[in-house]
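The values are calculated or read from the model by the stated rules, or taken from the named source; none is laboratory data. Just so you know, these numbers come straight off a predicted model, no measurement behind them. Because the Cβ atoms are built from the backbone with ideal geometry, glycine has one as well, and the counts that use them run over all protein chains shown. Keep in mind that these areas ignore ligands, DNA and RNA; they rest on the heavy atoms of the full protein, side chains included. Shrake-Rupley method; radii C 1.70, N 1.55, O 1.52, S 1.80 Å.
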Amino acid sequence: IRYRQILGQGQTMALAINAERRAGRVIDMIARLFAYIGGFILVAMALVTVVSIVGRALLSFGLSPVRGDYELVANGCALAVFCFLPYCQLKRGHVTVDIVTSMFPPRAQAVFGLIGDLLITLAAIIMMRQLWFGFGEKFPYGSDALRDTLGMGYKPFFAETTYELEIPVWIPYGLALIGAGLFVIVSLYTVWRSLNWVSAGREGAV
């Protein structure tokens, strides 16, 4: 009977690990895609900056800076950050200080990794929550009943836009919210992954 119990526990653990790995492959693909999008945005913002600086330097030749360059770069860089966060968390790319923990046994290191993933998940949830409130303050649509149900607050009297290009502010908020939502999902997955690593008694290869 004892042997059957051990065998059943082993099979259950193997199923859990396989399920986590299958989910991890899908999450890795999506997070990697977002990271590529973030990289594309940063390259585009760099090009905008270069063109704008050249335009300012050559005003006497009839050139001009890119209209709304500051707005584009500010919003673009913010969006890029939220595109990078999911993949960074998936690969444990955040800055860590592991001088002491690296000397601990493998299971203890796995426990500390789990604690770190839990804290990152908490931070991700708070960030998404605050972004949602900010999005609700800027989003000028939806009935009062629906907005109240979704916790979006009161509808603004007018759609706030950026100063020069007049881009509705709710658009970059909404795009950043997508990245923040994926950040939460990835963070929850890393907690699941860390639990499996703790059960296995060691940190897994990232």
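Please go through region 23-43 and give me each residue that is among the aliphatic types (A, V, I, L, M) and either without any contact (Cβ under 8 Å) to a residue 60 or more places away in the chain or in contact with a strand residue (DSSP E or B) (Cβ under 6 Å, 6 or more places away or on another chain) (or both), ordered by number.
Of everything in region 23-43, those that are among the aliphatic types (A, V, I, L, M) and either without any contact (Cβ under 8 Å) to a residue 60 or more places away in the chain or in contact with a strand residue (DSSP E or B) (Cβ under 6 Å, 6 or more places away or on another chain) (or both) turn out to be VAL26, MET29, LEU33, ALA35, ILE37, ILE41, LEU42, VAL43.
Filtering region 89-111 down to residues that are of a type in the set (S, T, N, Q) and more than 23 Å from the chain's Cα centre (by Cα), which residue is least open to solvent (accessible area, probe 1.4 Å)?
THR101
Go through LEU146, LEU150 for me and flag whichever is of a type outside the set (Phe, Trp, Tyr), in contact (Cβ under 8 Å) with a residue 12 or more places away in the chain and open to solvent by 50 Å² or more (accessible area, probe 1.4 Å).
Just a single option satisfies the conditions, and that option is LEU150.
What do you reckon, is THR101 over 24 Å from VAL81 (Cβ atoms) and among the hydroxyl-bearing types (Ser, Thr, Tyr)?
So THR101 passes the test.
Name the residue that is modelled with the highest pLDDT, counting only residues in region 49-84 that are open to solvent by 60 Å² or more (accessible area, probe 1.4 Å) and in contact with a helix residue (DSSP H, G or I) (Cβ under 6 Å, 6 or more places away or on another chain).
Result: PHE84.
Of the residues GLU160, GLU166, GLU137, only one is within 25 Å of ALA80 (Cα to Cα), in contact with a strand residue (DSSP E or B) (Cβ under 9 Å, 6 or more places away or on another chain) and free of Cβ contacts under 8 Å to residues at least 60 places away in the same chain; which?
GLU160
In this structure, is ILE27 surrounded by 15 or more Cβ atoms within 10 Å (Cβ to Cβ) and within 30 Å of GLU203 (Cβ to Cβ)?
Against the criterion (surrounded by 15 or more Cβ atoms within 10 Å (Cβ to Cβ) and within 30 Å of GLU203 (Cβ to Cβ)), ILE27 qualifies.
Name every residue in region 112-143 that is surrounded by 17 or more Cβ atoms within 10 Å (Cβ to Cβ), over 20 Å from LEU177 (Cα atoms) and of a type in the set (A, V, I, L, M), in order of residue number.
Across region 112-143, the qualifying residue is only LEU114.
Residue by residue through region 177-206, note down the ones that are of a type in the set (D, E, K, R) and buried (at least 21 other Cβ atoms within 10 Å of the Cβ).
Hit for region 177-206 is ARG193, nothing else.
Looking only at residues in region 154-176 that are part of a helix (DSSP H, G or I) and open to solvent by 30 Å² or more (accessible area, probe 1.4 Å), which one is nearest to TRP132 (Cα to Cα)?
By that ranking, first place goes to TYR173.
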